[in-house]
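First the structure, which I've put down as structure tokens, then a few questions once you've had a look.
The values are calculated or read from the model by the stated rules, or taken from the named source; none is laboratory data. Values in this document were obtained by computation on a predicted structure and should not be read as measured data. Please note: Cβ atoms are built from the backbone with ideal geometry, for glycine as well, and neighbour counts cover all protein chains shown. SASA here: full protein model, heavy atoms, side chains in, ligands and nucleic acids out. Shrake-Rupley method; radii C 1.70, N 1.55, O 1.52, S 1.80 Å.
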Amino acid sequence: MKVALIDPSPYTTNYGLRCISSYLRANSFETKLIFLKPNSAQNSTDYSKNVYNDLADLITDCDIVGFSVFTNYYLQATKLSKFMKQKFPKKII
């Protein structure tokens, strides 16, 4: 089973997400860690269409998609999860 773990914050050192990935790998799961830097436009909570398309390409082969969300970035995570649920209705998100 393949799991994508996404962090929509600027914190690429997300220790918790990396620990979850390590645990899953130790238990025979394949994982992808995806760190999405927030949009640099001031007060923007959305990503460009290209980012959404690239993300869709990255998770196409994944069975489960999870998020690590800091409060400041929950709007980004909400938009990303809605997009993925529409694009991949059978995936566990």
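Residues being under 14 Å from TYR73 (Cβ atoms) and free of Cβ contacts under 8 Å to residues at least 40 places away in the same chain: count how many of those fall in the range 1-31.
2
Determine, yes or no, whether PHE83 is open to solvent by less than 50 Å² (accessible area, probe 1.4 Å), in contact (Cβ under 8 Å) with a residue 24 or more places away in the chain and not hydroxyl-bearing (Ser, Thr, Tyr).
yes
Restricting attention to the range 34-64, which residues are at pLDDT 85 or above, surrounded by 12 or more Cβ atoms within 10 Å (Cβ to Cβ) and of a type in the set (D, E, K, R)?
ASP54, ASP63
Oh, and also: State yes or no: is PHE67 open to solvent by 50 Å² or more (accessible area, probe 1.4 Å), touching a residue at least 60 places away in the same chain (Cβ under 8 Å) and among the aromatic types (Phe, Trp, Tyr)?
So PHE67 fits the description; yes.
Right, here's the next one. Anything in the range 6-33 that is more than 22 Å from THR71 (Cβ to Cβ), of a type in the set (S, T, N, Q) and either open to solvent by 60 Å² or more (accessible area, probe 1.4 Å) or at pLDDT below 95 (or both)? List them, or say none.
SER22, ASN27, SER28, listed by residue number.
Let me ask something additional. Is it the case that some residue within the range 71-83 is assigned to a loop (DSSP other than H, G, I, E, B) and among the hydroxyl-bearing types (Ser, Thr, Tyr)?
Looking through the range 71-83, none of the residues is assigned to a loop (DSSP other than H, G, I, E, B) and among the hydroxyl-bearing types (Ser, Thr, Tyr).
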